[in-house]
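Trainee: Below: one structure in structure tokens.
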Amino acid sequence: MLKDITIGQFFPGDTIIHRLDPRIKIIIVSLFIASLFFVDSFIPYIFVLGFILAVVNISKVPLKFILKGLKPLLFIILITFIINVLMTKGEVLVEFGPLVITKEGLYLAVFMALRLVFLITGTSLLTLTTSPIALTDGIEKLLSPFKKIGLPAHELAMMMTIALRFIPTLLEETDKIMKAQMARGADFESGNILSRAKNLVPLLVPLFINAFRRADELATAMEARCYRGGDNRTRLNELKLKRLDIVSLISMTIFFGLIIYTRYI
């Protein structure tokens, strides 16, 4: 299960998607997320699916690898599906005692489940095709106008990127600790919810200790290299918009407009 989590992972490559300016990719993903909330029927989902498949094909990130990232979130998708099926009133299709499945509930459940799948898949493409350093620069540049009102843009960007960067590391650490505890007789898979939660203590304690140790080591390493964020920091590669970035942004704007158009026609 832990190996299936792809959030925060970077899939190296040299495709057009990988070379896009990180600021443009963040804006495109933001427009993509916004477009999903304008969809009110299944037909626009065809365009959304086509858009995702096109980006996946160009980025050369294996579709199987992206779909693997959905496994840890299947529980949330399933809960959302069940709540919508059982809590929506309408024309009754099936009735099991107090449980009633309506036509409208089934429609809404499938609709919301697809929205979650597209949301997770689309946003994961950002971290899969953008290196942590590029992502930091992109976030910082986009937040830089807010420095005038006192927003610590660099610090926020650095915190977000370190958090994303350390997700795979912590998952690997969790897997190692879990295997070590299981070798000592720990049981994480049997019993009721309370006993399972109690069994997680031997896993969480060393995990938190290691996480704080890594954070302390990272801070020490940054101080040893005289790291100073902020206005005086220079970069090896300055971000510059290219024609491809502009074309991509225009294409995404057209897609966003198309989704809005399908809602009001």
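The values are calculated or read from the model by the stated rules, or taken from the named source; none is laboratory data. The shown structure was predicted, so the numbers you read here are calculated from the model rather than taken from an experiment. All Cβ positions, even for glycine, are placed from backbone atoms using ideal geometry, and neighbour counts span all protein chains on display. Calculation scope for accessible area: heavy atoms of the full protein, side chains included, ligands and nucleic acids excluded. Shrake-Rupley method; radii C 1.70, N 1.55, O 1.52, S 1.80 Å.
Trainee: Give the residues of region 42-68 whose amide nitrogen is closer than 14 Å to a point set 7 Å from the Cα of SER251 in the direction of its Cβ.
Mentor: 50-60
Trainee: Sticking with this one: Over the alpha-carbon set of region 45-134, work out the extent along each principal axis and list the three values in angstrom, largest first.
Mentor: On the principal axes, region 45-134 reaches 54, 25, 20 Å in Cα extent.
Trainee: Ok, one more. Looking at the chain, do any whole DSSP H helices span at least 15 angstrom along their long axis by alpha carbon and average 1.6 or above on Kyte-Doolittle, and which?
Mentor: 22-36, 43-59, 74-87
Trainee: Could you tell me the relative contact order of the chain? Use alpha-carbon pairs under 8 Å, at least six residues apart, and round to a whole percent.
Mentor: Contact order relative to length: 31 percent.
Trainee: Test of understanding: in a Gaussian network model of the chain with alpha carbons linked when under 10 Å, which of GLY122, GLY138, GLY13 would top the mean-square fluctuation ranking?
Mentor: GLY13
Trainee: While we're looking at this one, here's another question. Separation between the ILE265 and ARG233 pseudo-spin-labels, each 7 Å from Cα along Cα→Cβ, expressed in nm?
Mentor: Here the modelled spin labels are 4.6 nm apart.
Trainee: Also: Using a 1.4 angstrom probe on the protein heavy atoms only, line up LYS89, LYS25 by accessible area, largest first.
Mentor: LYS89, LYS25
Trainee: Treat every Asp and Glu Cβ in region 87-220 as -1 and every Lys and Arg Cβ as +1, leave all other atoms uncharged, and give the resulting dipole magnitude about the Cα centre to the nearest 20 debye.
Mentor: I would put it at about 180 debye.
Trainee: Right, next: Please work out the average accessible area per residue across region 73-137, using the 1.4 Å probe convention, and give it in Å².
Mentor: Normalised by residue count, the accessible surface of region 73-137 is 55 Å².
Trainee: I need the chymotrypsin sites (Phe, Trp or Tyr not before Pro) found in region 1-110, filtered to DSSP loop residues with at most 12 other beta carbons within 10 Å of theirs.
Mentor: Sparse-neighbourhood loop chymotrypsin sites (Phe, Trp or Tyr not before Pro): PHE37, PHE42.
Trainee: Also: Size of the dipole of region 55-105 about the Cα centre, Lys and Arg at +1 and Asp and Glu at -1 on the beta carbon, nothing else charged, in debye to 20?
Mentor: Dipole size: approximately 460 debye.
Trainee: Now for a different question. Of LEU156, LEU78, LEU108, whose Cα points farthest to the positive end of the dipole of region 76-157 (charges on the beta-carbon: +1 Lys, Arg; -1 Asp, Glu; origin at the Cα centre)?
Mentor: Of LEU156, LEU78, LEU108, it is LEU156.
Trainee: Would you mind telling me the share, in percent, of accessible area of region 3-122 contributed by carbon and sulfur at probe 1.4 angstrom?
Mentor: Answer for region 3-122 is 75 percent, counting heavy atoms of protein chains only.
Trainee: Shape call for region 110-259 from the C-alpha gyration tensor, a ≥ b ≥ c root eigenvalues: rounded (a/c under 1.5), prolate (a/b greater than b/c) or oblate?
Mentor: oblate
Trainee: A follow-up question, please. If the cut-off is 20 Å between C-alpha atoms, which lysines fall inside it for LYS141, apart from same-chain ones fewer than 8 positions away?
Mentor: LYS25, LYS240, LYS242
Trainee: Then there's this: Any lysines with Cα under 21 Å of the LYS198 Cα? List them, leaving off those in the same chain fewer than 8 positions away.
Mentor: LYS176, LYS179
Trainee: Suppose accessible area is computed on protein heavy atoms with a 1.4 Å probe; arrange ARG233, ARG228, ARG115, ARG165 from highest to lowest.
Mentor: Accessible-area ranking of ARG233, ARG228, ARG115, ARG165, largest first: ARG228, ARG165, ARG233, ARG115.
Trainee: Can you compute the FRET efficiency between GLU172 and LYS64 using 1/(1 + (r/R0)^6), with r the Cβ-Cβ distance and R0 = 30 Å? Round to the nearest 0.05.
Mentor: Rounded to the nearest 0.05, the efficiency is 0.90.
Trainee: Could you give the length gained on full extension between LEU53 and GLU91, defined as 0.36 nm per residue of separation minus the Cα-Cα distance, in nm?
Mentor: Contour length minus Cα-Cα distance gives 10.2 nm.
Trainee: Under 5 Å between amide H atoms, partner at least 5 residues away or on a different chain: which partners does LEU93 have, H built in plane at 1.01 Å?
Mentor: Amide H neighbours of LEU93: ILE101, THR102, LYS103.
Trainee: Note down the net charge around LEU244, summing +1 for each Lys or Arg and -1 for each Asp or Glu among other residues with Cβ under 12 Å from its Cβ.
Mentor: My count for the surroundings of LEU244 gives +3.
Trainee: For region 155-257, with every protein chain kept in place, what is the accessible area per residue (1.4 Å probe, Å²)?
Mentor: Per residue, region 155-257 has an accessible area of 75 Å².
Trainee: Hey, any idea what % of region 191-265's accessible area is carbon plus sulfur with a 1.4 Å probe?
Mentor: C and S fraction of accessible area: 63 percent.
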